[in-house]
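Working notes for the structure below.
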Amino acid sequence: MPVELSVIVLTNNRPERCLDSVRKNAEALQGIQAEILVINNGRQEVSLPEHLGDIPCRLIQMPCNLGAVARNAGLKASTGPFVLVLDDDAYIDPGLGQAMIDLFKADAGVGAAAFRILNGQNEEACLLPTVFHGCACGFRRSALEEIGGYPDGYLYYGEEYDLSFRLYQAGYRIALCNHGRMVHHVRDGGGRNTGHILRLLIRNNIYLWFAFFPWNAIWPALIDTLQRYFLVAVKEEALQGFRAGLAAIPSAIWRGLRHRRPLSRELLGHIALLTPLQSVCDELRRRNIREIVLCGVGKFPSLWLQELKRRGIRVQAIWDFNSCWKGRRIGGIAVDVIDQASQPLPAHCHFITGTASLADNLRWKNYFEALLPTDGAAPLSEELFAATGIFDLHHMSPIQIVFPNKSRADESKRRMASPLLPCMAAE
């Protein structure tokens, strides 16, 4: 029978970890017409059996470490209409592969699938909730091929933003495959250098903003990027890596300008959460509310603060769970680090959530559910949250994305609506 799911695993000098994850993932995929392709970016040899159960396995050796773009070799060599891309330290739950296939079959507008990812007791997610996490993601092959596959020049870190932006530009959406199955990310530290990672994160983020963002959004995004990674450098004692990232900014800007293909303002509004934020502001003004607390620094706090100010909403404070922000300010507004078991909420405050990662957004929901009186009732609904003064950007309003190329409107009719991950494919 033809292969339905191609699993592409990227590895670099972690042969034992890679083989362990491949074996266990093959067990989780039993019953699916699947194949596994391991892309070896490293110098250490990887021994891979020809079959694991009913699943054929192949090894593709790269001539050198090509980074994330080496996954294109797996895309070219694979045959399934759906592709699951994994790091070599990611383990999937049984049933996740089939849930992903069912998601793609149910909606032709879905170009990529995101997953909930656990690291021990903690949940990981991309800082921007409209972008999938790079350690495990699924694709409709035709969508990934249409946008040209994985981009070159990132090495690691940031390519998931590039892919997400191009998928949105092509009219696809990214859906959260949230059916109780998870990806477990063990995050082996082997071969990881925090300073080197920081340099890549700064370089790649700056390239992304100059390549994809409208001109008026670049400067706020750049400031937010540098502030965030400076705080990470201080916490991780990796200031040398931060300085190396600063030195790479001019070349990153030049490269971004050379490859510039900016998002439309409308599309940026959906991806950067500005559109739902505008809807929340309209609702706040309708209720004669003019002051709020922003829950979660997120990826682009300066953009959100600009939008709130433009619409006459004053931000009293910014709350975040990350201790990096203790004593810091953004746009002159103090950031308060919140303890999960904090004191009762202050009276007469209103809150906006949904700007942080999916994992942190879940923490905010749990935080407020624990503090707000429910009289033993069921967990608070989104409507009750809003009625209580807590506004979640993910659920405040339905969001529709109009396919940008009218000549392809018929093709895009099934390609849907909102890029906001939590609203999609949830049970």
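A short reminder: the numbers here are calculations on the coordinates, not readings from a lab. None of the values given here were measured: they were computed from a predicted structure. All Cβ positions, glycine included, derive from the backbone under ideal geometry; neighbour counts span all protein chains shown.
Applying both filters, DSSP loop and at most 13 other Cβ atoms within 10 Å, to the trypsin sites (Lys or Arg not before Pro) of the range 246-327 gives Arg260, Arg287, Arg290, Lys326.
Residues Met62, Met1, Met100, ranked from the fewest to the most other C-beta atoms within 10 Å, line up as Met1, Met62, Met100. Within the range 1-86, the trypsin sites (Lys or Arg not before Pro) that combine a DSSP coil assignment with at most 13 other C-beta atoms in a 10 angstrom radius are Arg43. Our note on the geometry: Cα centres of the range 204-267 and the range 1-46, 33 Å apart.
Please tell me which of these pairs span more than 24 angstrom C-alpha to C-alpha: Lys105/Lys299; Lys299/Lys326; Lys76/Lys105?
On the way: Lys105/Lys299 32 Å; Lys299/Lys326 17 Å; Lys76/Lys105 22 Å.
In this structure, Lys105/Lys299 exceed 24 Å between Cα atoms.
Once the Cβ-Cβ distance of Arg310 and Cys349 is raised to the sixth power relative to R0 = 25 Å, the FRET efficiency obtained is 0.70. Once backbone amide H atoms are built at 1.01 Å from N, Phe213 has Leu263 as its partners under 5 Å, excluding neighbours fewer than 5 places away on the same chain. For the range 214-327, the Kirkwood estimate of hydrodynamic radius, built from reciprocal distances between every pair of different alpha carbons, is 16.1 Å. In order along the range 216-231, the Karplus-derived 3J(HN,Hα) couplings, from 6.51 cos²θ - 1.76 cosθ + 1.60 at θ = phi - 60°, round to 6, 9, 5, 4, x, 5, 5, 4, 4, 4, 5, 5, 4, 6, 5, 5 Hz, and Gly and Pro are given as x. Residues in the range 31-40 carry Karplus couplings, in order, of x, 9, 6, 10, 9, 10, 10, 9, 9, 9 Hz; the curve used is 6.51 cos²θ - 1.76 cosθ + 1.60 with θ = phi - 60°, and Gly or Pro positions show x.
Annotation note: GluC sites (Glu not before Pro) in the range 29-79 located in DSSP loop regions with a Cβ neighbour count of at most 12 within 10 Å are Glu45, Glu50. Under 5 Å from the amide H of Phe351 lie the amide H atoms of Val293, Ile390, Phe391, each residue being 5 or more positions distant or on a separate chain, with H modelled from the backbone and absent for Pro and chain starts. Each label was represented as a point 7 Å from its Cα along the Cα-to-Cβ direction; for Asn65 and Arg258 these points are 2.3 nm apart.
If the chain between Ile333 and Lys105 were fully stretched, how many nm would it gain, using 0.36 nm times the residue separation less the Cα-Cα distance?
Taking Ile333 through Lys105 to full extension adds about 77.5 nm, to one decimal.
Applying Stokes-Einstein at 10 °C and 1.306 mPa s to the Kirkwood radius of the range 193-261, computed over alpha-carbon pairs, gives a translational diffusion coefficient of 134 µm² s⁻¹. The stretch between Ala317 and Gln240 holds 24.6 nm of extra length on full extension. This uses 0.36 nm per residue minus the Cα-Cα distance.
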